[in-house]
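What follows is a short report on a single structure.
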Amino acid sequence: MPFSCTGSTGYENLSHNKEPWIIRRDLTASNVAVSDRRAVFVGAEAYTEAGGNIIRDLFTEDRGGFYEDAALLDRLALDRLERTAAEVQEAEGWKWVQAYIDWPHAHGMRRTYPQMVELSEEQEAAYGAAQEEHERLSAEWEDADVDLPPEVDQRLAELEAEIERIDGLRYAYDPDEITRGGVFVVLNHDGEARIERGFIHPEDEAPAPEEDESADGETVIDGVRVNGDGEIIGEDGAYDEDGNHVSALDAEDEEAEEDGKPLSDSLIRDLTAHRTLALRLALGEQPDMALIAVTHALAAQTFYRGGGDAHALEIRPLSASLGGHADGIEDTAAAKALADRHAGWAADMPRDVADLWGFIAGLDHASVMALFAHCAAQTVNALKLPWEQNKRHAHATADRLATAVALDMTAHWTPTVRAYFGRVTKAQILAAVREALGDEAAEQIADKKKQEMAEAAEQLLAGTGWLPPVLRTERPAWLAVDEQQEAPAMEDEPFAVAAE
């Protein structure tokens, strides 16, 4: 059950709020491997002190085994996450905190990020002094033939910690966002607590600024112009005081006779159509500026609330949520790396989207390319869904993209009981073992029950680099040529696992 300290945000810790795959896991889980992130986080000592039992495998080199009571392990892990969440809230002042073992995919909240702030004179002075002393000590002992004295080693560690602390003060959340926002504390893939800050419930969002009325009292509501009395002004003109229709051209001529009046809507449309055509022609002749414009359009919508109206290119980036398609995907190392990269860019972005163009235009070419690549990457969709039967060409393109970037899924996915073997048939388990290790290895586990077979397959295939066909990447042509030239050295490889 998630821990929540939400005030009046309306979040309740009820079992029916869990996602379906979490419920399935809770109902089917029995033993938990000692390598499981929950086991690593809680630790054997805390688990056994709480009355849990560990089944040890004396016949494996690492004396692996299983925690018998998955429910107890979950409770102990959540208790520890709750304590961490409470500490974060007390120290930082967030409106709410929530602790979960698995990432809450359907939270439905916008996220904010810390922005660069100016350090005080005292902080800058302390930073400079710490750096200077660290450099002096490092230079003093750099060429020494003896080990660092304990006091020097300790002092260097203290200075490094002080430098890192002050560096951390260069980025901060807006105090208003802290009073309205909250924090998730979840269990990371490596068995450590993962703290993610800056989430804001829709009802806690700051109210949008009101639209400014024009000088004649007109305003725009949902794309429709209305006058000061709330009457709709049609695209083809307005109506006079007697209810007679006034054509657009008549209105234009009438306005033109009055000094100081703005240009008519129809004339502005005409002129800006010509300007749009000219911009299309000019931008197509300047690739470097086109890169900035596309990057601006993508970044405005990727990083800003309401950024969809802040760019001149009609490009709409879509990013499919993956949380509902793969159990625990948000807790993986790849998800953390992507989130960190996104947070790094978000921290550098100006607070106001109106300043985004100048920010991007001021970046060096390599940085613009990096930002463009990040925004483009957010839109990748290689999902294969059973109800999408018309995406054959998109899937083929995703395969070509994987080859082009030399995607190696062995760095991001491992065949485990939870991820694969517990979800396929016994025949498919044996086929995987046979493909990776040969007939003899498959025959050794052929008479086992499904759960035992899956667990044995996980251990047998660990470190082999085996992947199911859907995750394999076709090798690039240039690599295939190199492999042909080095054919004798590749004879022991039973199958192509990925592009390297």
> So GLU162 clears everything in (1) without any contact (Cβ under 8 Å) to a residue 40 or more places away in the chain; (2) surrounded by 14 or more Cβ atoms within 10 Å (Cβ to Cβ); (3) over 24 Å from GLU87 (Cβ atoms); (4) of a type outside the set (Ser, Thr, Tyr) except one condition, right? Which one?
Replying inline: (3)
>> I'd like to verify a number: residues in region 285-319 that are in contact with a strand residue (DSSP E or B) (Cβ under 7 Å, 6 or more places away or on another chain) and either free of Cβ contacts under 8 Å to residues at least 24 places away in the same chain or buried (at least 17 other Cβ atoms within 10 Å of the Cβ) (or both), how many?
In response: 0
> Does any residue in region 389-410 that is within 14 Å of ALA477 (Cβ to Cβ) come within less than 9 Å, Cβ to Cβ, of a residue that is modelled with pLDDT under 85 and part of a helix (DSSP H, G or I) six or more places away or on a different chain, and which pairs are these?
Replying inline: THR403/ALA477; ALA406/LEU479
> Among ARG155, ARG197, which is within 22 Å of the chain's Cα centre (by Cα), open to solvent by less than 90 Å² (accessible area, probe 1.4 Å), at pLDDT 80 or above and of a type in the set (D, E, K, R)?
Replying inline: ARG197
> Which condition does ASP327 not pass, out of (1) open to solvent by less than 40 Å² (accessible area, probe 1.4 Å); (2) within 27 Å of THR416 (Cα to Cα), if it passes all the others?
Replying inline: (1)
> For region 340-354, what are the residues that are open to solvent by 50 Å² or more (accessible area, probe 1.4 Å), part of a helix (DSSP H, G or I) and either under 17 Å from PHE199 (Cα atoms) or modelled with pLDDT under 90 (or both)?
Replying inline: ASP340, ASP348, ALA354
>> Cβ-Cβ under 9 Å, sequence separation 6+ or interchain: first residue in region 261-284 and farther than 22 Å from GLU314 by Cα and of a type in the set (D, E, K, R), partner in a helix (DSSP H, G or I) and open to solvent by less than 70 Å² (accessible area, probe 1.4 Å). Which pairs?
In response: LYS261/GLU255
>> Considering only region 402-414, I want to know if a residue exists there that is out of contact with any Asp or Glu (no Cβ under 6 Å at 6 or more places or on another chain) and over 23 Å from LYS336 (Cα atoms).
In response: yes
> Quick one: which of THR84, THR60 is out of contact with any Gly (no Cβ under 8 Å at 6 or more places or on another chain), at pLDDT below 85 and over 20 Å from GLU177 (Cβ atoms)?
Replying inline: THR60
> So, of the residues in region 390-410 that are modelled with pLDDT under 85 and assigned to a loop (DSSP other than H, G, I, E, B), which turns out to be least open to solvent (accessible area, probe 1.4 Å)?
Replying inline: LYS391
> Do the conditions hold for TRP387, that is, is it modelled with pLDDT of 90 or more and open to solvent by 80 Å² or more (accessible area, probe 1.4 Å)?
Replying inline: no
> Of all the residues that make up region 267-304, how many are outside any helix (DSSP H, G or I) and closer than 23 Å to GLY362 by Cβ?
Replying inline: 3
> Which condition does ALA91 not pass, out of (1) surrounded by fewer than 15 Cβ atoms within 10 Å (Cβ to Cβ); (2) more than 22 Å from ALA193 (Cβ to Cβ); (3) without any contact (Cβ under 8 Å) to a residue 24 or more places away in the chain; (4) among the aliphatic types (A, V, I, L, M), if it passes all the others?
Replying inline: (2)
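The values are calculated or read from the model by the stated rules, or taken from the named source; none is laboratory data. None of these values were measured; they are calculated from a predicted model. FYI the Cβ positions are ideal-geometry reconstructions off the backbone, even for glycines, and counts take in every protein chain you see. Note: areas computed on protein heavy atoms with side chains; ligands, DNA, RNA excluded. Shrake-Rupley method; radii C 1.70, N 1.55, O 1.52, S 1.80 Å.
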